[in-house]
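Below is one structure, written out as C-alpha cells; the observations come after it.
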Number of protein chains: 2
Amino acid sequence: MTRRRYSPVPFAQVKLTSPFWRERLETVLTRTIPSQHAKLAEVGALESLKLPQPPPPLRIPRNSHGLSTQIFWDSDVGKWIEAASYALAHRRDADIEAKIDAIVDDLARAQSPDGYLNSWYNGREPEKRWTNLRDNHELYNAGHLLEGAIAYFRATGRRKMLDVMERCVDHIATMFGRGPGQKRGYPGHQEIELALVKLYRLTGDRPRLDLAAYFIDERGHQPHYYTEEALARGDDPASYWAGTYEYNQSHIPVREQTRMVGHAVRAMYMASAMADLALELGDENLKRACEALWRDVTTAQMYVTAGLGPKDTNEGFTEPYDLPNETAYAETCASVALIFWAHRMLHLDLDGRYADVMELALFNGALTGLARDGVHYFYANPLESRGGRRRWAWHVCPCCTMNVSRLVASVAGYALSVSGDGVAFHLYGGFETTVTLAGVKVALRETSAYPWSCEVRIDIDPEAPATFDLKLRIPEWAKGAIAAVNGEKVALAPVNGYATIRRPWRKGDAVTLDLKMPAERVYAHPNVRMDVGRAALRRGPLIYCVEEADNPGGPVQTLALPRSAPLDAGWRTDLFGGVMTLKASAKRLVPGKGGGALYSTEPPAAEDAALVALPYHLWANRGPGSMQVWVAELDG
Amino acid sequence: MTRRRYSPVPFAQVKLTSPFWRERLETVLTRTIPSQHAKLAEVGALESLKLPQPPPPLRIPRNSHGLSTQIFWDSDVGKWIEAASYALAHRRDADIEAKIDAIVDDLARAQSPDGYLNSWYNGREPEKRWTNLRDNHELYNAGHLLEGAIAYFRATGRRKMLDVMERCVDHIATMFGRGPGQKRGYPGHQEIELALVKLYRLTGDRPRLDLAAYFIDERGHQPHYYTEEALARGDDPASYWAGTYEYNQSHIPVREQTRMVGHAVRAMYMASAMADLALELGDENLKRACEALWRDVTTAQMYVTAGLGPKDTNEGFTEPYDLPNETAYAETCASVALIFWAHRMLHLDLDGRYADVMELALFNGALTGLARDGVHYFYANPLESRGGRRRWAWHVCPCCTMNVSRLVASVAGYALSVSGDGVAFHLYGGFETTVTLAGVKVALRETSAYPWSCEVRIDIDPEAPATFDLKLRIPEWAKGAIAAVNGEKVALAPVNGYATIRRPWRKGDAVTLDLKMPAERVYAHPNVRMDVGRAALRRGPLIYCVEEADNPGGPVQTLALPRSAPLDAGWRTDLFGGVMTLKASAKRLVPGKGGGALYSTEPPAAEDAALVALPYHLWANRGPGSMQVWVAELDG
C-alpha cells in the first residue's frame, strides 16, 4: 500500500465549472432525471412498490429462461433515487424530493416486519424469497436501494429510507453468513457489497463491512451454493441457463481469479468491491487479486473506448483479444462500473494507469450511452455500425439509463483527491474545491476547456502559506507536457503518471499546465484480429469515430486513411454546441476495374476523399448512418 | 428461352473417373451413408416411424419458440434414402436395400388410410395435422420422402415407397388448392415443389406439376394464409417467432420478389422450384423473377466461397454487402441448394455465370460441410475462425449431413448436358458417358486432374462420324484458355462462358483444353466492409484459406500479404492424399515499439513470414486452430 493515502474529494464538495461537463450535467438534471421518473412510472415500476396489492399481470414477460427483468425493478428505483439525490446535491428541488419521499413511503409499507424488502417477492411470491440468489437479484436490488438511501440521506439529511434499508441489511445479515442456521449464499449479481462499504463509511458500523467481506470471500467456494440452492428448489443445477458459474464469477473463489470472465457488469461491480475491501481491510492479498484482474482486462479484454464485454449472449467477456467491433456488446453499465473500479484502484495506489482508464471510460465507453438530448440511450456500444442503429427511449432492462445519470450527476467526484499534505488532480476541465492541506484551508480552482484544450490553469489560494504536494496527472498520451508556476517553467518528472510540485504555496499562486494533445493514431495489438490493418484516432482522452453524417458518399467503411496523412484538429461551432473534429486527406475505396462485381481480381480503386472524425461519444445523435472507430489504413 | 435446350445427363449415366471426386464418393459410399443410418437409428428417428406406438418423451426438446427439430425427422429419413439410393446407382448393396425396405414398410404402416403421412403428427397429435404449415414442415417432410422414393425407384425399380408417396401426394392435392373446400396453404419450408417436379418428370403426370406451380404461385398472397392459419389455431399472428414472413419468403408473391430475403435454404429451394417451373411451363415471367433474384444474390449477398446467409438468428439473408466472416452462418445446405438452383438456371440458359457459381459452391461452400473422414460435418461455414471450431459428428438438426451426402453421391450429374446435336461440359475432372448426338451414339471420355490441374483431355468416340457442338465451359477465371483438336490448335471464342467446337467428329478424335489456372487474389466490392484491405486467394475453382496448422507462430489473422508477393502453387503429397497449396512471402505482424500493450501509438512491426494457404474445403480436418479466408493485404 502507498505510504501516503489519497482519498477522493466527494463531488458535493467540488464545484463544476467545466463547460464540457456543465452541459452534460444540466442535461441530466433538467431532462434525464425527471424523464427517468416518468418512465419508471409509465412502465409500472413505481406502481409495483405499492403493496399489498393483487399482483397485476407481468409487464415484462419471462424470457426463454423463465426470467423477467421486471424482477430487477427495485434496483432501477434505487438507482434513480441515487441519481436524483446527486442532482439534489447540486440544487435542492422540492418536486423531486416529494417524489422520492413518496417512493420511500411505499418502500416502508412494502417492507416485511422482519426487515425483508423486495417488491417482487413481497408482491408475488413471498414464500419463495431467498430461494434463487443465482438469478433473481434480491441482494442486488437491496444494494441499489441502499445506495439510493445513502445518497438521499447525504443530500437531504432525511433518514427514513436509510432506516428502512438498515433494517433490511439487518435482516440480510441474519440470513447470510457462516453462523449456525445461516445460508452460505451470496449475490447472483454483485452490487450490495459496494453499498455495504458505503454504509460502513457513513455509519462506521463494522458489521456492514464484514458482511461485504463475507459476500466477496464466500463467492465460488465448494460445495457451491448455487448448486445446493438449485437442488433445494428441485431444479437441475446442470441446466443452469447461463451454462457456467463463470457467468457470475462464482466458478472459483474470487482471490484465485486471474482472468476476468462472465457478465461484465457483475465482474466490474465485484472488482470494485474487492478494491473497496482491500482498502478498508488493508488486505494485500485481495489487492493483488485486483491487480491481476486489472492486468488481464487492460492488456487483453478492453476496447479502445474502454468498452467491456464483446458478447451479447453473456453480456460479457470471452477470451483475450476477442474484440469484434460491429457486434461489440460493451454495455454502458460495464464502462460506468469500470470507472468505479478504476477510481477505487487509484486510491489503493495513486497510479496514472488507473486514472487513464477511468478517464478513457468516462469520455468514451460510458458517456456514449447518453444521447445529447438526455432522454435517449445506448445499452450496447458497438465500435462500428453499418447504419440503422438508433438510440432508444427506454429499455426492457433500463440499468444503463440510471447508471449514466448517476455518473454524470456525480462526475466531479472523480476529479481530485487529497492526502494530509497533498492534492492530486486526476481530471481537468473546470473543478473548484476547498480542502485542508498540511492543516491549512486551501481553495483550488482548476480552469480549462479540457478535453477540447490541453491548457490547464490551477489557482491555489491557501488561507496561509502552506507546503504540500500538488500532484498533476500527466496522462499516458500527454508526451512532453510542460508546466509553469507563476509563469516560471518547472521541470516535470512524472512518477506513475503524476508529476509532483512540492513547495510552499501562497495565496495567488498559479500553475499552468500544457499537456500537449496531438491528434494521433492508435494501433491495437496484432492479436486483435479485427483491428489488423486499422487505426483508431484519438486526441487527448477522446477516441474518435467516422460517422456517415460527416462523411457522405457511401458507407464510412469504404474510407481508408494513409498512415502518413496529417490529422488536423479543428473547432466546429456548428456541431453539438462546439466540438473538436479531426480531418485528414484520405481515400474512398470504390470498385476498380472489376466494376460493380461482388468479387474481382481487380483491387478497388482509391479516390481522394476528406475524412472527418467526431468524438465517439457523440455518434448516433444525427440519425442512423454508418460509423466506424477502427479505420482501414493505407501504407502510404 | 434458348433455342437449343440442353438437358443434364443424369449421374447414373456418367462414370466418375475423377481422382478428386472418386475419393469423396468412396468416402461417402463406404463411410458417410452407413454412418448416417446408424445415427438416424441412434437418435430415434427410425424408431419414430414405427406406428402406432405410445409416443415416447421428446428426444429433442422444444426450443424457446415451442418448436422441436424432431418434427423434421421424416425429412432426414427421406434424404438419407435419397442419398443411399444414389449410392446404389453406383453399386447395389443388399444390406442398404434391406435397411431402406424396412423403413418403407414402416412408412406404409404409418400412413393414414386417406394417404396422409407424417410420423410426428400420426404418432403424437393426429388431430392437429395441417394446422401449422408455417412452422411444422409437413409438406417439407413429404417432399423429402418423395424425393427419396423417386431416387429409390430409379435405383432399384422397387415402387412400394413411390406408391406410398404418390398416395400421400394425392391426399395433399386434395387438401390444397384453389378449389372449393381446399386450403389455400403452401409449405412453410419450400421443398415439396422440387419433389413434385421430379415426380412429374418420372411419371409425366401433369397434376403433379400443377400442384408444384400452385404452391409457388399461391405463396405470399393476401389474405395471408399463415395469418389466417394462426388465427384459426387461436394464436396471435403478430407473435410469429420469426418476426416477418420474409423469413419464409411469403411476404409478397414470389414473382414480385427481387431481393433474396429470409432463411437461405428455404430461399434456395424456392428459387430452384421457380426455375424448374419456368422450364417446364415455359414461363418467361417466372424465369425473369429467377434472374432478378440471381442477380441480387450473386452481386450483393454471396460469400466468396458461395456461402449464403450471414446471420444465425434467421439462418439467412440480411442486407446487401453484409458478409461478416467470423460469424458467417453460411449453412452447408444453403450452398448445396445454390448448386441445385444454379444447375436449373443453367438449363434455362446455357450461361457460364450459372455454371461458375455452381462450381464455386460445389468445391467450396458445400464441400467444406463434409470432413475428410466422411463422418463429421459443419453446419455453419464461417470464413474466419479464432480457433476452437470443431466439426460435429451429428447435429440436433442434421439436414446438412444428408444434403452433402446426396450431393456427392450424385455429383457426376452436374458435369454435362446434351441437346439434340450438342454436348456441354460444365465440370471437368474425369467423367465418362455415352450419349446420342445428332442421332449417333457417342462415347465421351473427359480426363484430367482437375481441380488440381487445368489440363483437360476429351476423347470423342462416335459410332459413326457425326457433326455436333462440343461446348466447353471456360470459367470466368480461365483467362487465355487454349484448346487443340487432335493436336491442332483451335481458336476459342467463348460465348456466355462456353466455347463451341462444331465439326464432324470421328472415332479417336481428341480435344485438349488448357484452362490456365493461375493462383490469384480476389477482392471484394468495397461495400463489403469486412473485406476492405483484404484479399482472398483462389486457384481455379478453389478458394483458399490460411490455417494455423500450416502457419504456426500465432493466430493466422496476424499474417499480412504484400500485394505484389508472388503466389506459388505447389503439390503437397503429405497432406490429405495430395493437395495443391499456395505459398507466398508474407509478413507476420507482431507488437511494435508499443511492446505487448493492447493499444499503442506505435504500429505493429512486420516480420518476414511464409504464408501457406490450403483449399478452404479442407480446413478444420487437423484440429481447431485459427483460420482465415480474407487475408490482410499490405500495399507493398
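The values are calculated or read from the model by the stated rules, or taken from the named source; none is laboratory data. All values reported here derive from a predicted model rather than from experimental measurement. Cβ: placed from backbone, ideal geometry, glycine included. Neighbour counts: every protein chain shown. These accessible areas exclude ligands, DNA and RNA; they are computed on the full protein's heavy atoms, side chains included. Shrake-Rupley method; radii C 1.70, N 1.55, O 1.52, S 1.80 Å.
For the range A:551-577, which residues satisfy the criterion of being within 31 Å of the chain's Cα centre (by Cα) and either open to solvent by 20 Å² or more (accessible area, probe 1.4 Å) or free of Cβ contacts under 8 Å to residues at least 24 places away in the same chain (or both)? Please lay out each step first, then the result.
First, pick out the residues of the range A:551-577 that are within 31 Å of the chain's Cα centre (by Cα): A:551, A:555-557, A:567-577.
Matches in the range A:551-577: A:PRO555, A:LEU567, A:ASP568, A:ALA569, A:GLY570, A:TRP571, A:ARG572, A:THR573, A:ASP574, A:PHE576, A:GLY577.
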**Q.** A:GLY204, sole failed condition from (1) more than 30 Å from the chain's Cα centre (by Cα); (2) on the phi > 0 side of the Ramachandran plot
**A.** (1)
Q: Inspect the range A:407-424 for any residue being in a helix (DSSP H, G or I), in contact with a Cys (Cβ under 9 Å, 6 or more places away or on another chain) and closer than 29 Å to A:GLN628 by Cβ and give the result as yes or no.
A: no
(Q) Quick check on my filter: what residues within the range B:603-618 are within 29 Å of the chain's Cα centre (by Cα) and within 25 Å of A:ARG534 (Cβ to Cβ)? (A) B:VAL612, B:ALA613, B:TYR616
Q: Determine whether B:LEU407 is open to solvent by less than 10 Å² (accessible area, probe 1.4 Å), more than 14 Å from chain A (Cβ to nearest Cβ), within 13 Å of the chain's Cα centre (by Cα) and touching a residue at least 24 places away in the same chain (Cβ under 8 Å).
A: yes
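Considering the range B:31-42 alone, what residues qualify as being within 19 Å of B:ALA371 (Cβ to Cβ) and open to solvent by 40 Å² or more (accessible area, probe 1.4 Å)?
Applying the first criterion (within 19 Å of B:ALA371 (Cβ to Cβ)) to the range B:31-42 yields B:31-40, B:42.
The answer is B:ARG31, B:PRO34, B:ALA38, B:LYS39, B:GLU42.
Of all residues in the range A:46-97, how many are small (Gly, Ala, Ser) and open to solvent by 60 Å² or more (accessible area, probe 1.4 Å)?
To start, the set of residues in the range A:46-97 that are small (Gly, Ala, Ser) comprises A:48, A:64, A:66, A:68, A:75, A:78, A:83-85, A:87, A:89, A:94.
So of that shortlist, the ones also open to solvent by 60 Å² or more (accessible area, probe 1.4 Å) come out as A:64, A:94.
Result for the range A:46-97: 2.
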(Q) When you check B:THR327 against the structure, is it open to solvent by 10 Å² or more (accessible area, probe 1.4 Å) and of a type in the set (Ser, Thr, Tyr), yes or no? (A) yes
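Part of a helix (DSSP H, G or I) and either under 30 Å from A:THR573 (Cα atoms) or modelled with pLDDT under 95 (or both), is that true of A:SER85?
On the way: part of a helix (DSSP H, G or I): yes; either under 30 Å from A:THR573 (Cα atoms) or modelled with pLDDT under 95 (or both): no.
Spelling it out, it is not the case that A:SER85 is part of a helix (DSSP H, G or I) and either under 30 Å from A:THR573 (Cα atoms) or modelled with pLDDT under 95 (or both).
Among the strands (runs of 3 or more DSSP E) lying completely within the range A:468-585, list those that include at least 3 residues that are within 13 Å of another protein chain (Cβ to nearest Cβ). Break it down into steps so the answer makes sense when it comes.
Working: elements: A:482-485, A:488-490, A:498-505, A:509-514, A:519-524, A:534-539, A:542-547, A:559-562, A:568-572.
Per the criteria, A:519-524, A:534-539, A:559-562.
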(Q) Go through (1) in contact with a Pro (Cβ under 8 Å, 6 or more places away or on another chain); (2) of a type in the set (Ser, Thr, Tyr); (3) under 29 Å from B:ALA306 (Cα atoms) for B:SER600 and report which single condition fails. (A) (3)
Q.
Could you tell me how many of the residues in the range A:588-636 are part of a loop (DSSP other than H, G, I, E, B) and within 14 Å of chain B (Cβ to nearest Cβ)?
A. 19
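If a residue has to be in a helix (DSSP H, G or I) and open to solvent by 60 Å² or more (accessible area, probe 1.4 Å) to count, how many in the range B:3-25 make the cut?
5
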Q) Identify, please: which residue in the range A:489-530 is in contact with a Pro (Cβ under 6 Å, 6 or more places away or on another chain) and of a type in the set (A, V, I, L, M, F, W, C) and is, among those, least open to solvent (accessible area, probe 1.4 Å)? A) A:TRP505
Q) What is the one condition in (1) modelled with pLDDT of 95 or more; (2) buried (at least 18 other Cβ atoms within 10 Å of the Cβ) that B:ALA610 does not satisfy? A) (2)
(Q) Can you pull out every residue in the range A:49-64 that is in contact (Cβ under 8 Å) with a residue 60 or more places away in the chain and either under 16 Å from A:ALA149 (Cα atoms) or within 28 Å of the chain's Cα centre (by Cα) (or both)? (A) A:LEU49, A:ILE60
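Given the condition in a helix (DSSP H, G or I), surrounded by fewer than 24 Cβ atoms within 10 Å (Cβ to Cβ), more than 28 Å from the chain's Cα centre (by Cα) and modelled with pLDDT of 95 or more, answer yes or no: does some residue in the range B:128-146 qualify? Give the derivation first.
So the first thing to find is which residues in the range B:128-146 are in a helix (DSSP H, G or I), and the list is B:128, B:133-136, B:138-146.
Then keep just the ones that are surrounded by fewer than 24 Cβ atoms within 10 Å (Cβ to Cβ); that gives B:128, B:133, B:135-136.
Those still in the list that are more than 28 Å from the chain's Cα centre (by Cα) too: B:128.
Filter once more, keeping what is modelled with pLDDT of 95 or more: B:128.
Yes; the residues of the range B:128-146 include at least one that is in a helix (DSSP H, G or I), surrounded by fewer than 24 Cβ atoms within 10 Å (Cβ to Cβ), more than 28 Å from the chain's Cα centre (by Cα) and modelled with pLDDT of 95 or more.
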(Q) Quick check on my filter: what residues within the range B:377-395 are away from chain A (no Cβ under 13 Å) and within 19 Å of B:VAL304 (Cβ to Cβ)? (A) B:PHE378, B:ALA380, B:ASN381, B:ARG389
Q. Do any residues in the range B:284-302 that are within 20 Å of B:GLY316 (Cα to Cα) have Cβ atoms under 6 Å from those of residues that are of a type in the set (S, T, N, Q), where the two are at least six apart or on different chains, and which pairs are they?
A. B:ALA292/B:THR258
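Is the range B:463-478 home to any residue that is aromatic (Phe, Trp, Tyr) and open to solvent by 10 Å² or more (accessible area, probe 1.4 Å)?
Start the filter on the range B:463-478 by keeping residues that are aromatic (Phe, Trp, Tyr), which leaves B:468, B:477.
Restricting the remaining residues to those that are open to solvent by 10 Å² or more (accessible area, probe 1.4 Å) gives B:477.
For the range B:463-478, residues aromatic (Phe, Trp, Tyr) and open to solvent by 10 Å² or more (accessible area, probe 1.4 Å): present.
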Q) Could you give every pair whose Cβ atoms fall below 6 Å, whose first residue belongs to the range B:194-221 and is modelled with pLDDT of 95 or more, and whose second residue is in a helix (DSSP H, G or I) and surrounded by fewer than 19 Cβ atoms within 10 Å (Cβ to Cβ), counting only separations of at least 6 or pairs across chains? A) B:LEU209/B:GLU280; B:LEU211/B:ALA173
Q: Please tell me if B:VAL440 is open to solvent by 10 Å² or more (accessible area, probe 1.4 Å) and at pLDDT below 95.
A: no
